[in-house]
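The values are calculated or read from the model by the stated rules, or taken from the named source; none is laboratory data. Bear in mind that the values here come from a model prediction, so they are computed numbers and not experimental data. Positions of Cβ are backbone-derived with ideal geometry, glycine not excepted, and every protein chain shown enters the neighbour counts.
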């Protein structure tokens, strides 16, 4: 005979692993070829000079240099203007 009553089931006993998104290198820091600058979902930050984008929207450096963040006005197809962040390596 059991000494404890059985516990019921739960519907919220799951959790996903952290994805470690965000800016990895800040303005003025040195970047090397292939070093990751920003991990993101979607294009919150767009690639500028000497920066390329991976298939999961990760931005990485193409050359060795100093990281600079800037802002750029982008016109969408519906003629609305958005200000986007741009990362450059010079």
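Which members of segment 20-45 meet the condition of being under 10 Å from the mean Cα position of the chain (by Cα) and either assigned to a loop (DSSP other than H, G, I, E, B) or at pLDDT below 95 (or both)?
Once the filter is applied, which keeps residues that are under 10 Å from the mean Cα position of the chain (by Cα) and either assigned to a loop (DSSP other than H, G, I, E, B) or at pLDDT below 95 (or both), segment 20-45 yields 20, 21, 24, 40, 41, 42, 43, 44.
Being more than 17 Å from residue 29 (Cβ to Cβ) and either in contact with a helix residue (DSSP H, G or I) (Cβ under 9 Å, 6 or more places away or on another chain) or free of Cβ contacts under 8 Å to residues at least 40 places away in the same chain (or both) is the filter here; which residues of segment 44-57 pass it?
Residues satisfying the conditions are 52, 53, 54, 55, 56, 57.
Counting only residues that are assigned to a loop (DSSP other than H, G, I, E, B) and modelled with pLDDT under 95, how many does segment 46-76 have?
The total comes to 1.
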